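See structure below.
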Amino acid sequence: MTDIRIDSPADLRRVMRTPYDVSEQQWQAISAPLEPAVVIAGAGSGKTSLMAARVVYLVATGQVAPDEVLGLTFTTKATAELSSRIRAALAAAGLDQPVAPATQPDEVPERVEPVVSTYNAYAAALLTEHGLRIGHEPDTRVMADASRYQVAARAIERHSTPVEGLSEHPQTVITYLLALDAAMSEHLVSVEDVRKFHTDQRPKFENALATSRARKDIESVLGRMQQREELLDLVEGYRRLMAQFGLMDFSDQIALAAELASGQPEVGRLEREKYRVVLLDEYQDTSVAQAQLLASLFSGLDAASGRGHAVTAVGDPNQAIYGWRGASVSNILNFAEFFPAVDGEVPTYSLTVNRRSDRRILRVANELAAPLYDEFESVQPLEPAPEAGEGEVRTVVHPTYPDELAWLAEQVIASHDAMAEPLWSEIGVLTRDNAHAADVFDALTAREIPVEIVGLAGLMRLPEVAEVVSTLALLNDVTANADLLTLLNGPRWAIGPRDLALLGRRARALADRPLREAGLSVTEELQRAVEGADPTEVAALGDALADPGDLPYSDEARVRFALLAEELRMLRSHAGEPLLDLVRRIIDTTGIDVELASSVSPAAAARRDNLDLFVKAVADFQAIDGQVTLPSLLAWLRAEDEMGTGLDIATPSEADSVKLLTVHRAKG
């Protein structure tokens with residue numbers, strides 16, 4: 001270890017050879033003693049720079065060696081950034097000493113460096129090294145999100161217990177099953193725990209039925225309990241299949257690592273000896289299981305069992321975005337309960353100086369975030385850097401939604417043309433949700449602007465991708481009326497509302513469901529056509545498509561009905577093919593790729609790239625046991641489309657196109 005005297009921010013700047021000043025706020029956290037601490041780092045306040053400087057300070061002052069530092073964060077991208085920042089900072093300070101000198105002239109010597117990893121990768125390493133202590137086999141595979149849907153679909157197929165409460169479509173039940181399983185793992189709750197909760201709470205609601213005025217609400221709660229009881233049976237079947245296939249998902253990985261850490265104190269002792277300093281990035285987005293895992297390893301009842309270990313959590317409660325996957329913002333707010341100091345209180349350091357934005361932007365941001373500041377006392381409003389300009393904030397209100405989309409396209413073109421070296425990829429457009437993303441995509445491509453939608457959910461809203469997805473749904477379920485309407489009403493078949501309404505009337509006639517009243521409007525006809533969830537009650541538009549009868553359709557509609565019916569019959573004969581082959585056959589049959597390839601516009605090229613991204617997503621939907629099922633693929637696609645929960649890990653490509661993504665995905 002070295003021993004360099006660093007008594008001030010100026011000393012640290014000199015050692016790191018950086019052109020920027022270390023603020024007094026940053027210095028307090030950087031030079032803190034080796035003890036538990038929390039850093040509340042506001043947006044743009046330099047938390048990654050702080051963590052890198054903290055490592056340099058501790059190594060330069062001889063308090064730790066570089067390889068005694070552990071840094072954990074969420075994504076591989078964040079891991080790479082934090083690792084490169086630390087490596088560069090150590091190199092600039094001359095503290096990156098090689099393990100051994102190079103033996104060849106062109107050999108890069110291995111250097112002593114901190115360990116930087118994602119939370120899940122660290123849990124995986126623990127299980128690989130120590131998993132046998134709790135009977136965990138080291139060859140257990142971690143499956144991607146898509147594979148979870150295949151196992152869930154298989155569990156539902158094999159389920160033999162009577163089901164009364166779960167009357168939803170199987171694809172919906174798959175989503176329910178996976179959500180419950182993940183929530184239980186993230187909160188370290190077993191099937192027995194949930195059943196005991198039901199046993200304890202159900203009598204209270206049943207007794208209240210006779211006296212409460214909220215009878216309907218109580219019955220709804222009891223119904224949900226029954227559904228969850230049936231879901232618990234499915235969760236047990238799902239977990240048995242996972243064990244049979246030698247699989248686990250990411251939430252299982254964390255839960256098993258937490259079990260290992262809490263039940264095997266020796267593992268924590270070894271990890272504390274290995275890592276004298278632990279830096280936890282984005283701690284506001286950790287789950288209950290992750291917090292429990294880390295506390296079991298790096299804290300305890302006394303100093304001998306880890307109490308007072310140098311764990312620094314860095315994050316911001318205002319930037320918590322992963323509550324849907326079990327994250328608990330209380331982890332950072334109650335950090336001291338998990339990682340108490342040996343004596344006294346755990347210090348909290350605040351970074352409030354935003355180094356990215358101008359003054360007016362921060363004033364607006366603070367005004368919008370005022371309710372969050374009121375809720376969390378530890379979070380303070382953002383302040384501008386001394387060199388920040390006044391800045392500009394504009395709000396534009398348009399008479400209509402189409403006017404807004406047209407204005408947006410003009411702004412994108414103007415921004416592109418104003419660049420010294422025009423690149424579409426330098427422009428990003430953020431939307432509130434994926435439904436708006438589809439409208440923005442259409443508005444931009446109509447102006448010949450190449451656009452890439454980042455993320456699977458947005459891709460599925462594109463006409464060419466929606467056509468493929470709807471066709472897949474119809475091959476799986478002949479009563480998928482909404483998907484058939486997507487095709488009929490789409491740009492390829494372009495069936496008008498009058499002919500669609502007549503088709504709905506014919507479907508009811510074939511299902512022997514006479515009209516209950518005459519003179520229905522077109523909207524009511526279409527609503528009747530898609531209502532119902534039980535296949536025995538649905539008037540299938542597909543039946544009417546194959547046998548439209550003698551109703552007064554337009555001549556064009558009759559021809560197109562026949563062509564589409566024949567196309568679907570042909571594709572159903574290939575439904576047993578591998579999914580990727582089936583998707584490619586649909587694309588070839590519909591001629592989507594030929595149409596896009598024959599166009600010379602930049603927008604068409606971007607649409608073709610987006611279609612390729614969807615095909616790649618299907619190709620990545622790997623089999624868990626040699627067989628991929630269409631229902632499991634459709635359940636995965638539906639969950640991503642409806643909830644947008646980031647099931648796919650998507651990053652923008654290098655293509656020269658405007659990047660279109662939701663605000664949530666941009667933050668994630």
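Quick look at the numbers
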quantity	calculated
Antiparallel bridge percentage (DSSP; both residues within the chain; nearest 5)	5 percent
The range 479-493 versus the range 221-237: alpha-carbon centroid distance in Å	34 Å
Coarse-grained scattering of the chain at q = 0.05, 0.10 Å⁻¹, given as base-10 log I(q)/I(0) from a Debye sum over alpha-carbon atoms	-0.31, -1.16
Simple spin-label estimate for GLU24 and ARG355 in nanometres, 7 Å along Cα-Cβ	1.8 nm
Long-range HN-HN contacts of VAL658 with modeled amide H, under 5 Å	VAL451, GLU452
Summed residue charge, Cβ within 13 Å of GLN292's Cβ, Lys/Arg positive, Asp/Glu negative	-3
Protection-proxy order for peptides 630-638, 264-272, each taking the mean of Cβ atoms within 10 Å per residue, highest first	630-638, 264-272
Lysine pair count for the chain [Cα-Cα under 18 Å; pairs on different chains or 8 or more apart]	7
Peptides 68-77, 500-509 ordered by average Cβ neighbours within 10 Å, highest first	500-509, 68-77
FRET E, pair ASP581, PHE197, Förster distance 51 Å, beta-carbon r, rounded to 0.05	0.65
Inter-label distance for ARG5 and MET419, nm, one decimal - labels placed 7 Å from Cα along Cα-to-Cβ	5.1 nm
Stretch gain in nm, segment ARG572-GLU137, where the contour uses 0.36 nm per residue and the Cα spacing is subtracted	152.4 nm
Heavy-atom accessible area per residue - the chain, 1.4 Å, Å²	49 Å²
Sequence ranges 572-585, 193-206, ranked by mean other-Cβ count within 10 angstrom, highest first	572-585, 193-206
Net charge of Cβ neighbours under 14 Å - reference LEU405; Lys, Arg +1; Asp, Glu -1	-3
Mean residue ellipticity (222 nm) of the chain, computed from DSSP H runs ≥ 4 via -39,500 (n - 2.57), nearest 500	-16500 deg cm²/dmol
Neighbourhood net charge (14 Å Cβ-Cβ; Lys/Arg +1, Asp/Glu -1) for LEU260	-4
Share of alpha-carbon pairs per 10 Å distance bin for the range 150-265, given as whole %	12, 38, 31, 15, 4, 0
Full-extension gain in nm, GLN411 to ASP588, via 0.36 nm per residue minus C-alpha separation	60.1 nm
Relative contact order (%) - criterion: Cα under 8 Å, at least six apart; region: the range 254-301	63 percent
Heavy-atom accessible surface of the chain: percent carbon and sulfur, 1.4 Å	52 percent
Distance between modelled label sites at LYS616 and ASP547, nm, 7 Å Cα→Cβ extension	4.6 nm
Whole-Hz ³J(HN,Hα) from phi, Karplus 6.51 cos²θ - 1.76 cosθ + 1.60, for the range 480-493, glycine and proline x	6, 5, 4, 6, 5, 5, 4, 5, 5, 8, x, x, 6, 9
The range 1-72 versus the range 161-200: alpha-carbon centroid distance in Å	46 Å
Extension gain, LYS204 back to ALA336 (0.36 nm per residue minus Cα-Cα distance, nm)	43.9 nm
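The values are calculated or read from the model by the stated rules, or taken from the named source; none is laboratory data. As the structure is a computational prediction, the values presented were derived from the model and not from experiment. FYI the Cβ positions are ideal-geometry reconstructions off the backbone, even for glycines, and counts take in every protein chain you see. Quick note on the areas: whole protein, heavy atoms, side chains included, nothing else; ligands and nucleic acids left out. Shrake-Rupley method; radii C 1.70, N 1.55, O 1.52, S 1.80 Å.
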